[in-house]
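One structure is given below, encoded as structure tokens.
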Amino acid sequence: MAFCISCGQMQADGTKFCRFCGGQQPGDQLIARLSMEAEAIRYQMQQLQAQQIQAQQMHQANYGQQQDQGQRW
Ligand SMILES: [Zn+2]
């Protein structure tokens with residue numbers, strides 16, 4: 001079962017055009033491409049999160065060093 005990407009009406013599987021609004025429905029190729037794009041985005045998000053965690057750890061390390069310097073003064 002699928003739903004129209006334009007109007008949200010229920011469509012039979014394999015429908016190319018919505019019978020309610022005439023909107024073109026995503027075919028297997030488009031769905032495959034979208035899922036590949038989603039996979040790439042998810043990978044990028046994971047990379048970004050890893051970078052953010054690294055940056056946080058660096059920030060915490062710097063903060064700890066600053067505290068050490070403060071105690072020396
Ligand atoms: Zn429609």
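At a glance:
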| read-out | value |
| --- | --- |
| Phi to ³J(HN,Hα) by Karplus 6.51 cos²θ - 1.76 cosθ + 1.60 over the stretch 10-17, Hz, x for Gly, Pro | 5, 10, 6, 4, x, 5, 8, 10 |
| Kirkwood hydrodynamic radius of the chain, Cα pairs, Å | 16.5 |
| Degrees, to the nearest 10: 28-72 long Cα axis against longest axis of the chain | 10 |
| Residue with peak Gaussian network fluctuation, the chain [Cα springs, cutoff 10 Å], from 36, 58, 45 | 58 |
| Long-range amide H partners of residue 24 with built H, under 5 Å | 18 |
| Residue 10-residue 31 FRET efficiency (beta carbon distance; Förster radius 25 Å; 0.05 resolution) | 0.90 |
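None of the figures in this text is laboratory data; all of them are computed from the coordinates on show. All values derive from a computational prediction rather than experimental measurement. Using ideal geometry, Cβ is built from the backbone for each residue, glycine included, and neighbour counts are taken over all protein chains shown.
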